[in-house]
Structures are given as structure tokens and as C-alpha cells.
1. Looking for whichever is assigned to a strand (DSSP E or B), open to solvent by 30 Å² or more (accessible area, probe 1.4 Å) and of a type in the set (Lys, Arg) here; the options are 157, 115. Which one fits?
2. Across region 134-154, what is the number of residues that are assigned to a loop (DSSP other than H, G, I, E, B), in contact (Cβ under 8 Å) with a residue 24 or more places away in the chain and open to solvent by 30 Å² or more (accessible area, probe 1.4 Å)?
3. Could we say that residue 16 is surrounded by 14 or more Cβ atoms within 10 Å (Cβ to Cβ) and at pLDDT below 95 here?
4. All but one of (1) crowded, with 18+ Cβ neighbours inside 10 Å; (2) hydrophobic (A, V, I, L, M, F, W, C); (3) out of contact with any Asp or Glu (no Cβ under 6 Å at 6 or more places or on another chain) hold for residue 100; state the number of the condition that does not hold.
5. Right, residue 90: over 28 Å from residue 34 (Cα atoms), surrounded by 12 or more Cβ atoms within 10 Å (Cβ to Cβ) and at pLDDT 90 or above or not?
6. Filter region 130-172 down to the residues that are more than 13 Å from the chain's Cα centre (by Cα), charged (D, E, K, R) and farther than 14 Å from residue 44 by Cβ and list them by number.
7. Restricting attention to region 33-63, which residues are in contact (Cβ under 8 Å) with a residue 12 or more places away in the chain, exposed (fewer than 14 other Cβ atoms within 10 Å of the Cβ) and either of a type outside the set (A, V, I, L, M, F, W, C) or in contact with a Cys (Cβ under 9 Å, 6 or more places away or on another chain) (or both)?
8. For region 121-133, does any single residue satisfy the condition of being hydroxyl-bearing (Ser, Thr, Tyr) and in contact (Cβ under 8 Å) with a residue 60 or more places away in the chain?
Amino acid sequence: MRYVLPVAISTLLGSPAALVHAADLNVKLELPRLNVAEYHKPYVAVWIEKGDQSFAGNLTVWYDLKKRNNEGTKWLKDLRQWWRKSGRDLTMPVDGLSAATRTAGEHSLTFSTDKSVLAQLPAGEYQLLVEAAREGGGREVVKVPFTWGGKGEFTAKAQGSHEIGTVAVQIK
């Protein structure tokens, strides 16, 4: 017996150009060791913006999760750009998004299409933003443009000047 589907597959799935096959977004983020009298681990936010600089989604936010009564959240507004785009609308901690601050060094992060904001991200031009702010220190934002849903692998990087070192993006 043969079954006939009354609806075209493209109707169910959307146009083929809008489909993005399974991919991983790998981020290498360097937090430099600063030679200062009192060093505090930075709060860090990583998010994606569309080509028009509108907010597309959060990837991770590092802050002091262990402070009593969730007091670490009061310093999140020091991540000014992230706070204006998304942070003020969140109630922290957010499962799968919030994480503890990290020490100086290189950190590797992997985000897959089945477990993050990437699952609903249509093909197109975007920017990955990394913002870092330290208590008693500075604040910096690094932007890395990338193409989501293109063919083959994609690699790009940008260099910070003081609070953030190199930020590298690789899409596989």
C-alpha cells in the first residue's frame, strides 16, 4: 500500500534556505592575567546579535553565583551592553545560561544547535559579543562577526585590549 502526503515537505519545514543543519559554535575566550593590586574575576556575558544589532539570544553569563541571597546579581548591570539588550529582563540564575566566574586563562565553550539559542537561529549574518567587567577594574566588549548556516566551516577572531584577550569563533 502506498501513502500520499497531501502537504509538501517544504511547507512543513520552511524554505530550504532557512534550514540550518546541525552545527556547533565553538568559542575560545581569553581572560588575561592583569597585574593589579587586587584582582577580581570578571563577570562575563556572551550573546548573539543580528546584523542590525538587535538581540538574537544569550549563550552564557558568568557571575558570582555563591554570594548569599543571590547578591552577585546586583553587579550584572556592570555588563552594560548585555544588561541593556537582555540582562534586565532575566531573573537569574537561568538554567543552562548562568555559570560561575572563571579565572584568567583561555576558556573553550561549545554551543550546539540542539541545546541553545542556536536551535532557532535562522541562517544569516550575526555578531558574537563578549563583554567583561571586573569589580574595581575595567569593562570591555569584543565583537566577532560570523555567518550562521553557511556551507563548510567558518572561523573568525577579534582581539580585546585589556579585560578580554583573543575571542575566536569556529562553526563546524
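The values are calculated or read from the model by the stated rules, or taken from the named source; none is laboratory data. These figures come from a predicted structure and were not determined experimentally. Here the Cβ positions follow ideal geometry from the backbone for every residue, glycine too, while neighbour counts run over all protein chains shown. Side chains are part of the model used for accessible areas, which takes the heavy atoms of the whole protein and leaves out ligands, DNA and RNA. Shrake-Rupley method; radii C 1.70, N 1.55, O 1.52, S 1.80 Å.
1. 157
2. The qualifying residues number 5.
3. The answer is no for residue 16.
4. (1)
5. yes
6. Within region 130-172, 151, 153, 157, 172 qualify.
7. Scanning region 33-63 gives 33, 38, 51, 53.
8. Yes.
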